[in-house]
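**Q** Got a structure for you, questions after.
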């Protein structure tokens, strides 16, 4: 697991991690010093007559010129309080270094995974479950930071402190050290031995149940109409309840395990102190009294330290599934996003030369050795039977898929990873189900633009061109009307017109339509087609490529390219 964690942490953060490790060590030293500072006070309480017989206290007493034992005791107590306060402040400041590192790393990992998923392209996104990807980005990254890395930091700090305390006890009294080992080691061994596999299992079970529950909720809300009409909600609710029961059952077991460290360490401390009391009664020695006091003070710090180690180890085991999830999703440390605004030159034609495409895992090509050309200003329709590869061809033309073989050229320049962005800056796209964000009409038209960058004059022009003016005028808030998730408050025709307006606002001179009217009624389809035809007639340089399975949707095209199964 250690190597996986190391590989997950980005290279720029590995060097910083060394500095964080140093702060953890310093914090452990400060905590140890804070405990050691209590020993003079303890000694004065348990053996007030030994002030002048103790060489260390006696030397301090004489060198500082104290004339009164009571003044010396007050000074020692005050010095200890001041030191403890200073130590606590330093601890807080050092912890901020660790905290800032942890959350900076979380920001980087979450952003890196988000960008990495996006960069893997449409084929990857379509092949995955969006609920799982969303949970990985939003939940798994955070849990890895708080449940794994923070637990490791706690383990490191507390183990160092525990070793320092134990070493000091061993130097002061081998008997007390032996007693501490005899009490705490068996307790820890039993806990680690019997809880390790349970925690691994519970963490994995909880994660899988959370994924399924998250998926069920998203699918239920997205498919509300179908679920309601088919009376499928009881089935969805049953699935939801099943996952919820799993999460609750696992949570209860984990909560019970979480109480064990405190109870076990308290029992261990009580046993140790009872043994010392019995030993003191048997030997009737004053040294046992001092030893008891030292063990009590050490135990005061050993108890939470041992408990923290057990709790951190439990959290580490419970959340170790995040290590596997992030290790499986290998993404580059490069989170650079291409913000290029330049556009590729297009004055002549688009050429498809010997193009073939095969989906991952498929045994045959979806498109095979296809060649065609589209001249600037043309209105070209693409049709064919379902499954023949129309949308696949369009996604290749859009630069969303990479050809398996062959190439696409624009004015003689081959489209590749370096030129896709400048090509996509030039084109507009309207799909069968136009993506609409849960925001206002104007924000959906000027999609991808910040509010301060929106040109309202251009917005009004494209609203008119897309035949949206009458609809917008009928709304109380006009262009500032919110349209709901995925445009749920709009009709199909209105959604598609916003898609057209978006393409026009982008000032694209190549428009791609993918079955943009197939889900609309006949009258709305004809209205949308007339709007597209009007756009073309008013701008002779506008190139339009339309994918449709109904030839009636392509009546306004200059020519139609028919794909058939022989093209595969």
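**Q** Name the residues in the stretch 381-428 that are on the phi > 0 side of the Ramachandran plot and either not in a loop (DSSP other than H, G, I, E, B) or not assigned by TED's automatic domain parsing to the domain that holds residue 552 (or both), would you?
**A** Scanning the stretch 381-428 gives 384, 406.
**Q** Quick one: which residue in 149, 113 is in a helix (DSSP H, G or I), within 15 Å of residue 8 (Cβ to Cβ), modelled with pLDDT of 85 or more and over 13 Å from the mean Cα position of the chain (by Cα)?
**A** Result: 149 is the single residue among 149, 113 that is in a helix (DSSP H, G or I), within 15 Å of residue 8 (Cβ to Cβ), modelled with pLDDT of 85 or more and over 13 Å from the mean Cα position of the chain (by Cα).
**Q** Answer yes if at least one residue in the stretch 480-490 is closer than 27 Å to residue 399 by Cα and crowded, with 18+ Cβ neighbours inside 10 Å, and no otherwise.
**A** Checked the stretch 480-490: at least one residue is closer than 27 Å to residue 399 by Cα and crowded, with 18+ Cβ neighbours inside 10 Å.
**Q** If you go through the stretch 75-86 one residue at a time, how many are surrounded by 12 or more Cβ atoms within 10 Å (Cβ to Cβ) and either at pLDDT below 85 or in contact with a strand residue (DSSP E or B) (Cβ under 9 Å, 6 or more places away or on another chain) (or both)?
**A** 8
**Q** Moving on. Taking the stated definitions as given, is residue 554 touching a strand residue (DSSP E or B) at 6+ places or on another chain (Cβ under 9 Å) and closer than 18 Å to residue 436 by Cα?
**A** no
**Q** For residue 505, only one of the following conditions fails: (1) buried (at least 17 other Cβ atoms within 10 Å of the Cβ); (2) more than 24 Å from residue 398 (Cβ to Cβ). What is its number?
**A** Evaluating residue 505 over (1) buried (at least 17 other Cβ atoms within 10 Å of the Cβ); (2) more than 24 Å from residue 398 (Cβ to Cβ) leaves (2) as the failure.
**Q** Restricting attention to the stretch 104-119, which residues are exposed (fewer than 13 other Cβ atoms within 10 Å of the Cβ) and touching a residue at least 24 places away in the same chain (Cβ under 8 Å)?
**A** Of everything in the stretch 104-119, nothing turns out to be exposed (fewer than 13 other Cβ atoms within 10 Å of the Cβ) and touching a residue at least 24 places away in the same chain (Cβ under 8 Å).
**Q** Still on this model: Determine whether residue 438 is more than 19 Å from residue 528 (Cβ to Cβ) and touching a helix residue (DSSP H, G or I) at 6+ places or on another chain (Cβ under 6 Å).
**A** Answer is yes for this residue.
**Q** Let me ask another. Just one of the numbered conditions (1) surrounded by 14 or more Cβ atoms within 10 Å (Cβ to Cβ); (2) at pLDDT 80 or above; (3) under 26 Å from residue 155 (Cβ atoms) is not true of residue 32; which one?
**A** Exception for residue 32: condition (2).
**Q** Working carefully through the options 458, 497, 530, find the one that is under 23 Å from residue 342 (Cα atoms) and not in a strand (DSSP E or B).
**A** After ruling out the rest, the residue left standing is 458.
**Q** In the stretch 465-494, how many residues are closer than 24 Å to residue 425 by Cβ and not in a loop (DSSP other than H, G, I, E, B)?
**A** Qualifying residue count, the stretch 465-494: 1.
The values are calculated or read from the model by the stated rules, or taken from the named source; none is laboratory data. These numbers come from a predicted model, not from an experiment. In this analysis, Cβ positions are derived from the backbone assuming ideal geometry, glycine residues included, and neighbour counts consider all displayed protein chains.
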